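A.B. asks: Dropping a structure here in structure tokens format, bear with me for questions.
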Amino acid sequence: MDPEQIPGVLACDVGNTAIHLAAVREDEVSPVRTFRIGELTEIGGALRELWGGLKPPRKLVAGSVNPVGLKALEAAAQVALNEPVLVIGRDLPLPIETDLPHPAGIGVDRLCAAVAAFDRLGVACVVADFGTAITIDCINDEGVFLGGAILPGLGMGAAGLNAGTAQLPRVEPSVPDWVFGKDTHQAIVGGLVYGARGALRALVESYATEIGHWPVVILTGGDAKLICPHPDQSELVQAVVDDLVLRGVAIAYYRTLLK
């Protein structure tokens, strides 16, 4: 296909608490625009801006784990662009082969992040997404999504401790610069962040045992940099890629062009 005829993709990641948007053409990704669910009054303008920055041919593609958010995105796209949204799993096939009995029941964001990581690396990898929920998934050397684990996100953990106890305060997760929490606030923040780091390491070690060698580890999601502030200094994590899911949304569409 003539490179000029490869469509640009306005990629949309409809998550549990926010919608993320970016313009993608092949491997080039614009800065990500983020809108919280329920605060979408400006999303129409962002859609028009990103759409206008893509030369035709172009497509509007979404991966969604939130039916309410998807409905709001589709309504905004109709008003702003008069364009349909191609939804992965509904209008487009899932982007990656899986070793799962019911792949349609897996969060599309997990599959999109997985295909984007493997598309770049071409070897076994673990993708850990630290968002509203934490997902830690493994892809083998053949590019097959094997499955993974889901944990409460840092914010969810903080809210749960506050709501489920009489005196523990609600804290904002941050990067702890201490080991021993010297007060309740430090103890909660340390527990959340060090606990998530420990879960990541334990799961990666378990996955490595199953596949027979150590996989490349890629992080994404809003809290990824709290878990690994300096990936260049980490012995576990190779990279933090903020736009990984959006890259996977675009790849899901591009793979349909090869069929």
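Where a number appears in this text, it was derived from the coordinates with a stated rule and is not lab data. Here the structure is a predicted model, which means the values were calculated and not measured. Cβ placement follows ideal geometry from the backbone for every residue including glycine, while neighbour counts extend to all protein chains displayed.
A.B. asks: Report, ordered by chain and residue number, the lysines lying within cross-link reach of residue 71, taken as a straight Cα distance under 25 Å and ignoring same-chain residues fewer than 8 apart.
C.D. replies: Partners found: 59.
A.B. asks: A further question on this structure: Under the definition of Cα pairs under 8 Å and six or more residues apart, what whole-number percent is the relative contact order of the chain? Kindly include the intermediate steps, with their values, before the conclusion.
C.D. replies: Values: 475 pairs, mean separation 49.5, N = 259.
Value for the chain: 19 percent.
A.B. asks: Next question. What's the FRET efficiency of residue 41 with residue 209 using the Cβ-Cβ distance as r and R₀ = 45 Å, to the nearest 0.05?
C.D. replies: Details: r = 49 Å, r/R0 = 1.09.
Computed FRET efficiency for residue 41 and residue 209 comes out at 0.35.
A.B. asks: Next question. By count of other Cβ within 10 Å, fewest leading, how are 94, 168 ordered? Show your work: numbers first, answer last.
C.D. replies: Values: 94 20, 168 16.
Ranked by crowding around the Cβ, least crowded first: 168, 94.
A.B. asks: Please rank 132, 256, fewest neighbouring Cβ atoms within 10 Å first, as an exposure proxy. All intermediate terms of the calculation are to be shown ahead of the outcome.
C.D. replies: Working: 132 19, 256 14.
Taking fewest neighbouring Cβ atoms as first place, the list is 256, 132.
A.B. asks: Which of 253, 194 has the fewest other C-beta atoms within 10 Å, and how do the rest follow up to the most?
C.D. replies: Details: 253 20, 194 14.
In increasing order of surrounding Cβ atoms, one gets 194, 253.
A.B. asks: Hey, what angle do you get for helix 154-163 against the long axis of the chain, alpha-carbon based, 0 to 90 degrees rounded to 10?
C.D. replies: 50
A.B. asks: Report, in degrees rounded to the nearest 10, the 0 to 90 angle that the Cα long axis of helix 67-81 makes with the longest principal axis of the chain.
C.D. replies: Relative to the chain, helix 67-81 is tipped by roughly 40 degrees.
A.B. asks: Same structure, new question: Enter the angle in degrees (range 0 to 90, nearest 10) between the Cα long axis of helix 43-52 and the first principal axis of the Cα atoms of the chain, meaning the one along which they spread out most.
C.D. replies: 50
A.B. asks: Could you check how many percent of all C-alpha pairs in the chain are farther apart than 25 Å? Intermediate values should be presented prior to the final figure.
C.D. replies: Numbers: 15481 of 33411 pairs.
The proportion of pairs with Cα distances above 25 Å equals 46 percent.
A.B. asks: Sticking with this one: Could you tell me which residue out of 216, 169, 112 lies farthest along the dipole of the stretch 103-243 toward its positive end? Charges go on the beta carbon: Lys and Arg +1, Asp and Glu -1, centred on the Cα centre.
C.D. replies: Of the candidates, 169 comes out farthest on the positive side.
A.B. asks: Over the Cα atoms of the stretch 1-129, how large are the radius of gyration and the largest Cα-Cα distance (Dmax), in Å?
C.D. replies: Answer for the stretch 1-129, Rg first and Dmax second: 14.8, 42 Å.
A.B. asks: Check the straight Cα-Cα distances from residue 225 and name the lysines below 28 Å, setting aside those fewer than 8 residues away within the same chain.
C.D. replies: Straight-distance partners of residue 225: 182.
A.B. asks: Once amide H atoms are placed 1.01 Å from N in the peptide plane, what residues at a sequence separation of 5 or more from residue 236, or on another chain, have their amide H within under 5 Å of its amide H?
C.D. replies: Under 5 Å from the amide H of residue 236: no residue qualifies.
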